[in-house]
Amino acid sequence: MALLLAPMEGLLDFTLRDALTRVGGLSRCVSEFIRVTDAVLPERAYVRVIPELRQGSRTAAGVPVRAQLLGSDPICLADNAAFLATLGPAGIDLNFGCPAKVVNRHGGGAALLQEPDLVHRIVREVRRAVPSSMAVSAKMRLGFHDDAQAEDCARAIAEAGADELVVHARTKADGYRPPAYWERIADVKACVGIPVVANGEIWTVADARRCIEVSGCTDLMLGRGIVADPGLALAILADQGLMPDAAAPTWERLQPVLWHFWELVQTRIEPRARTGRMKQWLNYLRRRYPEAESAYQALRTVTDSRLMTAWMQAHLPTPPALDRLAA
């Protein structure tokens, strides 16, 4: 069973990838999208989004990171994929699911699902451009306005040579509103011969169990659910009998990861955005941890990194060595 960490622009960047993979249970990450328009991007553009490229395309915990490209020009995407492949990512993923208006307005992301033939050409050209040993995958929603072309798009992706398909079980029009239509993933899975990964509205172990049952997929991609509950992957594996001794982290055991995340944010994120990143994660964590609710309320108006550090020093114990988290 593979549990993947979703690409989520503005949320799941390398700092949070680093933190969540330290907790355990995740098999692979996919980066936030790197937008390709009319030129081959320089190396620094890729490393800025995926600094893990400098360390074997793995997080500090050793979890592989696949690079995601977004665009609508098959040749330009292929040229960028060919260059990106020389940097050693753990595979290349193609974005056919982003619902953002600014992306869709320019014909990218979920907007491409209105043109299965173009989707096919993009995957085909990227597959041809990179070494056969490098995985090429895609992530799609069920459609743009509706899901009428879901199977057509999935077949276009599979027949063009993709190795894997992640399906977010909502259309662009659905946005992130529940429910996720996992039964439609089963329909997509039935029409392609490549591995299919289910994604969407997996917040709990019960959600995961139901998604597996309804979608027919054994592999899942986790997004906001694991941001809110960093132990979710471990709990799913334990529920499936694959890691029976796995224990979800208590608030105390999560604190070293919070400290590491904060230290990474302070060194790698621009100053004006630093406190916002910590508050963003605490806002999710308070769904699972009462202590995170208290921390969020205490810090929600803080904009000075020094004040945030001082609060953490006063309320969170000095972090032990990070490798003791799994002890």
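Identify all residues within the range 36-57 that are among the charged types (D, E, K, R) and crowded, with 20+ Cβ neighbours inside 10 Å; write none if there are none.
Of everything in the range 36-57, just one residue is among the charged types (D, E, K, R) and crowded, with 20+ Cβ neighbours inside 10 Å, namely GLU52.
Quick check: anything in the range 58-65 aliphatic (A, V, I, L, M) and either farther than 18 Å from SER137 by Cα or surrounded by fewer than 20 Cβ atoms within 10 Å (Cβ to Cβ) (or both)? I'd like the intermediate steps shown before the answer.
The first filter runs over the range 58-65 and keeps only residues aliphatic (A, V, I, L, M), leaving 60-61, 63, 65.
Those left that are additionally either farther than 18 Å from SER137 by Cα or surrounded by fewer than 20 Cβ atoms within 10 Å (Cβ to Cβ) (or both): 60-61.
Checked against the condition, which is being aliphatic (A, V, I, L, M) and either farther than 18 Å from SER137 by Cα or surrounded by fewer than 20 Cβ atoms within 10 Å (Cβ to Cβ) (or both), the range 58-65 yields at least one hit.
ALA180 - would you say it is touching a Leu at 6+ places or on another chain (Cβ under 6 Å) and not polar (S, T, N, Q)? Before the answer, list the steps.
Details: touching a Leu at 6+ places or on another chain (Cβ under 6 Å): no; not polar (S, T, N, Q): yes.
So ALA180 fails the test.
Of all residues in the range 266-307, which are touching a Leu at 6+ places or on another chain (Cβ under 6 Å) and of a type in the set (A, V, I, L, M, F, W, C)?
Correct list: ALA292, ALA295.
Tell me, please, whether a residue that is crowded, with 18+ Cβ neighbours inside 10 Å, outside any helix (DSSP H, G or I) and in contact with a Gly (Cβ under 9 Å, 6 or more places away or on another chain) can be found in the range 116-128.
Among the residues of the range 116-128, not one is crowded, with 18+ Cβ neighbours inside 10 Å, outside any helix (DSSP H, G or I) and in contact with a Gly (Cβ under 9 Å, 6 or more places away or on another chain), which makes the answer no.
State which residue pairs qualify: first residue farther than 11 Å from ASP163 by Cα and inside the range 186-200, second residue outside any strand (DSSP E or B) and among the β-branched types (Val, Ile, Thr) in any location, beta carbons under 6 Å apart, and separation of 6 or more residues or different chains.
Every condition considered, the pairs that remain are ALA198/ILE185.
Would a scan of the range 142-164 turn up a residue that is out of contact with any strand residue (DSSP E or B) (no Cβ under 7 Å at 6 or more places or on another chain), within 23 Å of GLY107 (Cβ to Cβ) and free of Cβ contacts under 8 Å to residues at least 24 places away in the same chain?
Checked the range 142-164: at least one residue is out of contact with any strand residue (DSSP E or B) (no Cβ under 7 Å at 6 or more places or on another chain), within 23 Å of GLY107 (Cβ to Cβ) and free of Cβ contacts under 8 Å to residues at least 24 places away in the same chain.
Among (1) under 20 Å from ARG28 (Cβ atoms); (2) among the hydrophobic types (A, V, I, L, M, F, W, C); (3) in contact with a His (Cβ under 7 Å, 6 or more places away or on another chain), there is one condition ILE157 misses while meeting the rest; what is its number?
Tallying (1) under 20 Å from ARG28 (Cβ atoms); (2) among the hydrophobic types (A, V, I, L, M, F, W, C); (3) in contact with a His (Cβ under 7 Å, 6 or more places away or on another chain), ILE157 fails exactly one: (3).
For residues that are touching a Gly at 6+ places or on another chain (Cβ under 6 Å) and in a helix (DSSP H, G or I), tally how many sit in the range 129-141.
So the answer is 0.
Does GLY97 count as buried (at least 20 other Cβ atoms within 10 Å of the Cβ), within 19 Å of ALA158 (Cα to Cα), touching a Cys at 6+ places or on another chain (Cβ under 6 Å) and at pLDDT below 95?
Against the criterion (buried (at least 20 other Cβ atoms within 10 Å of the Cβ), within 19 Å of ALA158 (Cα to Cα), touching a Cys at 6+ places or on another chain (Cβ under 6 Å) and at pLDDT below 95), GLY97 does not qualify.
Could you pull out the residue among ALA60, ALA45, ALA19 that is of a type in the set (A, V, I, L, M, F, W, C), in the same structural domain as PHE96 (by TED's automatic domain parsing), closer than 18 Å to GLU263 by Cβ and out of contact with any Lys or Arg (no Cβ under 8 Å at 6 or more places or on another chain)?
Values: ALA60 fails: out of contact with any Lys or Arg (no Cβ under 8 Å at 6 or more places or on another chain); ALA45 fails: closer than 18 Å to GLU263 by Cβ.
Step by step, each of ALA60, ALA45, ALA19 is checked, and only ALA19 is of a type in the set (A, V, I, L, M, F, W, C), in the same structural domain as PHE96 (by TED's automatic domain parsing), closer than 18 Å to GLU263 by Cβ and out of contact with any Lys or Arg (no Cβ under 8 Å at 6 or more places or on another chain).
Tally up the residues in the range 129-157 that are at negative phi and in contact with a helix residue (DSSP H, G or I) (Cβ under 7 Å, 6 or more places away or on another chain), please.
19
The values are calculated or read from the model by the stated rules, or taken from the named source; none is laboratory data. This one's a predicted model, so the numbers in the text were calculated from it and none came from an experiment. Quick reminder, even Gly has a Cβ in these numbers, built from the backbone with ideal geometry, and neighbours come from all protein chains shown.
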